[in-house]
Amino acid sequence: MRRYGLYMALALVLVMIVSLFTGGCGQGKNGETPKGEEKLKVAFVYIGSPGDAGWTYAHDQGRKYLEQELPYVETEVVESVPDADAERVIEQLAAKGNKIIFTTSFGYMDPTIKVAKKYPNVVFLHCSGYKTAENVGTYFGRMYQARYLTGLVAGKATKTNIIGYVAAHPIPEVIRGINAFALGVRKVNPQAKVKVVWTNTWFDPAREKEAAYALLDAGADVIAQHQDTPGPQQAAEERGKLSIGYNSDMSALAPKAVMTSAIWNWGPYYVRTVEAVKNGTWKPDQYWGPMSDGIVDLAPFGPMVPEEIKQLVAAEKEKILKGEWDVFTGPIKDQNGNLRVPEGQRLSDKEMLEMSWFVEGVEGTIPKS
């Protein structure tokens, strides 16, 4: 019995030593993965390269933030995946053991849904889409709020009253951004026009730059865009004109032209989502986060932006942040002069998500998608 008691005491001491060095069961200090426990594998599928300084760059900054904030996470990335190859790539990532997969382009929507049916134990998050399933959610931000604020800056800056907009594809997301921007422009400068040129690209630096040149040749002295490259910004700088960036702060690539940029901040969303999946609280919703969530914002102003404009933007931003007002609040007319939103009314989320018409002040047509 004495020997048995001695063995029990030694066993207790060993347990205490192991607990001291491993930190006990569960997660280690600062969210680190305890020794012997596998990391949570999270994958990202990109339409471009993080070097684009735009859309993919912003997502990759969010991925890095996720790894920094949650050390128990291990991420994998596949870059420059065309829509036609998305299903194969997403399925490969699921087969390799990734438990959460973020697909970051509108064109990946159907491939994401197809692969999700084959891997019910994997959680899929699709950016900018509208289809969900038991293990598929969607996520996006109300970028139109930041677009409106950049329109205030552009409307005050133009001298020719022609602002060029290099547009990507004729889908509601892009149309909504153009309209919000134009509403900001016309708020401070009712004589200004927003002239639209479509490129039908997300990432084609040469083509997007050429489209900006065409707008500059047509008299534009401010250039905005909805693509992933800084080509339009650089075209504006080469001609001695001004610009509004998109996706990320583009000022380093055209410092004499960029007045500010409408930017994405995906990191906090990625952290919240991964934590929810790990904790078993995640549900397949359709997240469309407002500016107050921090998912969209403005980059710092360039030195060419006067103080009075900064103060105006700050005042308008405060109304949006407090929920006192939103961009698509009437009266709003379309480009043909028809009243689309009566005074005091506001477009519903469904109406904004299906937007297929231009507001007053926009010059251009919407081709059939």
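The values are calculated or read from the model by the stated rules, or taken from the named source; none is laboratory data. Every value quoted in this text rests on a predicted model; they were computed, and no experiment measured them. With ideal geometry, Cβ positions are generated from the backbone for all residues, glycine too; neighbour counts draw on all protein chains shown.
One table, with the values for the structure above:
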| read-out | value |
| --- | --- |
| Inter-residue pairs, beta-carbon under 8 Å, first farther than 19 Å from PRO170 by Cα and in the stretch 330-359, second surrounded by 13 or more Cβ atoms within 10 Å (Cβ to Cβ) and acidic (Asp, Glu), 6+ apart | ILE332/GLU360; LYS333/GLU360; GLY337/GLU360; ARG340/ASP334; ARG346/ASP326 |
| Selected residue (only one of ALA182, ALA206, ALA212 is in the same structural domain as LEU347 (by TED's automatic domain parsing), surrounded by fewer than 21 Cβ atoms within 10 Å (Cβ to Cβ) and assigned to a helix (DSSP H, G or I)) | ALA206 |
| Of all residues making up the stretch 342-369, the number that are assigned to a strand (DSSP E or B) and farther than 22 Å from THR150 by Cα | 1 |
| Number of positions in the stretch 215-242 that are of a type in the set (A, V, I, L, M), within 19 Å of ARG147 (Cβ to Cβ) and not in a strand (DSSP E or B) | 3 |
| Options GLU238, GLU308; residue that is farther than 25 Å from GLY51 by Cβ and of a type outside the set (Ser, Thr, Tyr) | GLU308 |
| Conditions (1) of a type in the set (A, V, I, L, M, F, W, C); (2) part of a helix (DSSP H, G or I); (3) surrounded by 14 or more Cβ atoms within 10 Å (Cβ to Cβ): number failed by ALA315 | (3) |
| When residues of the stretch 141-185 are limited to those that are aromatic (Phe, Trp, Tyr) and in contact with a strand residue (DSSP E or B) (Cβ under 8 Å, 6 or more places away or on another chain), the one farthest from ALA315 (Cα to Cα) | TYR165 |
| Conditions (1) of a type outside the set (Ser, Thr, Tyr); (2) in contact with a helix residue (DSSP H, G or I) (Cβ under 7 Å, 6 or more places away or on another chain); (3) buried (at least 16 other Cβ atoms within 10 Å of the Cβ); number of the one not met by PRO71 | (3) |
| Residue match in the stretch 324-342 (condition: in contact with a Phe, Trp or Tyr (Cβ under 8 Å, 6 or more places away or on another chain), more than 24 Å from ASN161 (Cα to Cα) and exposed (fewer than 15 other Cβ atoms within 10 Å of the Cβ)) | no |
| Odd one out for LYS241 among (1) among the charged types (D, E, K, R); (2) surrounded by fewer than 17 Cβ atoms within 10 Å (Cβ to Cβ); (3) free of Cβ contacts under 8 Å to residues at least 40 places away in the same chain | (2) |
| Exclusive hit being polar (S, T, N, Q) and without any contact (Cβ under 8 Å) to a residue 24 or more places away in the chain, set ASN179, ASN135, ASN121, ASN98 | ASN121 |
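Residue-wise test of (1) over 30 Å from GLY231 (Cβ atoms); (2) at pLDDT 50 or above; (3) in a helix (DSSP H, G or I); (4) of a type in the set (Gly, Ala, Ser).
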position	(1), (2), (3), (4)
ARG3	yes, no, yes, no
MET16	yes, no, yes, no
SER19	yes, no, yes, yes
GLY26	yes, no, no, yes
PRO34	yes, yes, no, no
GLU37	yes, yes, no, no
THR56	no, yes, yes, no
GLN68	yes, yes, yes, no
VAL77	no, yes, no, no
